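Notes to accompany the following structure.
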Amino acid sequence: MLPAMKRRIAVIPGDGIGPEVTGEGLKILECVNDRSGLGLELVPFDWGADRYLATGVSIPAGALDDLRQNYAAVYLGAIGDPRVPDMQHARDIILGLRFGLDLYVNCRPVRLLHESICPIKGQTPDDIDFVILRENTEGPYAGVGGNFKLGTPDEVAMQQDVSTRLGVERVVRYAFDFAVATGRRSVCMADKHNVQPAVGGLWLRTFHQVAGEYPGIEAFHMFADALALQMVREPRRFAVIVTNNLFGDLLTDLGAALEGGLGMAASANLNPGHLSMFEPIHGSAPPFAGKDIANPMGMILSGAMMLEALGHAGEARQVEQAVARAVMAGQGTPDIGGTLGTRATGDAILEHLRAPRSTS
């Protein structure tokens with residue numbers, strides 16, 4: 001059992017469709033919390049564009065220390081607003097949390113709940129069920145680089161890929177440990193060492209060295225572009241994929257398409273054993289805000305991932321099953337072929353969660 005103060009969940013609805021999908025996610029979490037007596041305290045945070053425009057502050061001073069000391073997890077809706085054209089507040093909050101809390105594993109399950117929402121004919125839930133683990137604190141997103149002669153015809157732009165042995169090894173090792181813990185048969189590492197021999201070579205050497213410690217897990221390598229092709233042609237081939245920050249960003253959006261679209265995709269930003277953050281991968285989607293059309297399933301499934309990380313695996317499975325039953329019943333938003341709005345979709349999932357479960 002977590003200490004009392006560590007039962008708190010920091011809830012950041014954020015911008016755009018964030019508050020809408022967060023509201024549906026909270027309905028589900030509150031139901032599970034009350035029914036199972038989990039004792040979780042869902043604490044709202046007003047971080048986002050409104051606060052930034054009013055105060056110029058993205059993350060208040062001392063906030064990261066407060067989160068580390070007093071909270072068990074962060075539940076994030078989405079950040080990004082066209083009223084802040086340079087998206088400074090989004091970078092401050094999203095990257096501030098990832099780097100400041102050292103959330104070095106981005107875990108994105110790719111799991112098809114029903115064949116009707118897959119864009120590839122003939123694929124079933126048995127065919128599409130793998131996990132992509134993306135290194136989350138290094139690579140091109142480290143912010144090393146700049147511009148020379150900015151805005152002139154002679155402008156030069158450089159962006160450095162920063163990869164360290166420590167950063168690579170810990171996410172690769174997590175991938176193998178994850179495979180063992182979840183009974184998955186293989187780990188595939190994706191890079192481009194054919195054109196990035198320094199960074200790619202570090203990844204490849206580290207991968208093979210760590211793989212040698214896990215003889216029961218099949219370890220294989222693919223170039224990232226070839227992997228993208230095979231994810232579409234033969235998704236059943238994969239169990240766990242581990243890759244760097246940039247390739248992971250791209251491949252996980254492709255993975256989201258396989259499971260029905262961005263609205264279905266959940267994620268966890270992990271510092272294993274420490275405070276972690278859970279969010280859907282779809283972003284704030286400002287054009288859809290306020291229209292009651294955003295798919296809340298990715299947010300709800302991110303909440304299930306959070307419950308599991310907090311030690312409530314049974315409750316996490318209940319939430320996942322409720323979402324799956326809603327999908328199978330055609331109860332969803334238009335992006336997955338349904339006719340319901342955001343709130344009605346959340347209500348449908350809530351009803352499935354509350355329905356008596358068979359004990360047979």
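Worth a mention:
- Near G263, once Lys and Arg are set to +1 and Asp and Glu to -1 for all other residues with Cβ below 15 Å from its Cβ, the sum equals -3.
- Debye equation applied to the C-alpha atoms of the chain, log10 I(q)/I(0) at 0.15 Å⁻¹: -1.42
- Summing Cβ point charges (Lys, Arg +1; Asp, Glu -1) relative to the Cα centre of the range 185-334 gives a dipole of roughly 240 debye.
- Accessible area per residue for the range 304-360 is 48 Å², calculated with a 1.4 Å probe on protein heavy atoms, without ligands, DNA or RNA.
- Computed accessible area, D154, all protein chains, 1.4 angstrom probe, square angstrom: 100 Å²
- Value of Rg to Rh for the range 237-360, rounded to two decimals, is 0.98; Kirkwood radius and Rg both from alpha-carbon coordinates.
- Surface composition of the chain: carbon plus sulfur atoms hold 55% of the accessible area, using a 1.4 angstrom probe and ignoring ligands, DNA and RNA.
- Area accessible to solvent at I293, 1.4 Å probe radius, in Å²: 70 Å²
- Per residue, in Å², the accessible surface of the range 66-224 once ligands and nucleic acids are set aside, probe 1.4 Å: 46 Å²
- Within a Gaussian network of the chain (alpha carbon springs, distance under 10 Å), most fluctuating of N269, N295, N33: N33
- Using θ = phi - 60° and Karplus 6.51 cos²θ - 1.76 cosθ + 1.60, couplings along the range 194-205 (whole Hz; Gly, Pro as x): 6, 10, 10, x, 6, 5, x, x, 4, 4, 5, 4
- Here the Gaussian network model covers the chain, with springs between Cα atoms less than 10 Å apart; of S276, S36, S267, S36 fluctuates the most.
- In terms of packing, defined here as the mean over residues of other Cβ atoms within 10 angstrom, the peptides 169-182, 67-80, 10-23 line up highest first as 10-23, 67-80, 169-182.
- Between the residues P60, V242, A266, the greatest Cα displacement towards the positive end of the dipole of the chain, with unit charges on the Cβ of Lys, Arg, Asp and Glu, is found for V242.
- Accessible surface ranking that places the most exposed of K149, K291, K27 first, with a 1.4 angstrom probe: K291, K149, K27
- Between the range 79-127 and the range 321-343, the Cα center-to-center distance that results, in Å: 19 Å
The values are calculated or read from the model by the stated rules, or taken from the named source; none is laboratory data. The model shown is predicted, which means the values in this text are computed figures rather than measured ones. Neighbour counts are summed over all protein chains in view; Cβ atoms, including those assigned to glycine, are modelled from backbone coordinates with ideal geometry. Heavy atoms of the whole protein, side chains included, go into the accessibility calculation; ligands, DNA and RNA do not. Shrake-Rupley method; radii C 1.70, N 1.55, O 1.52, S 1.80 Å.
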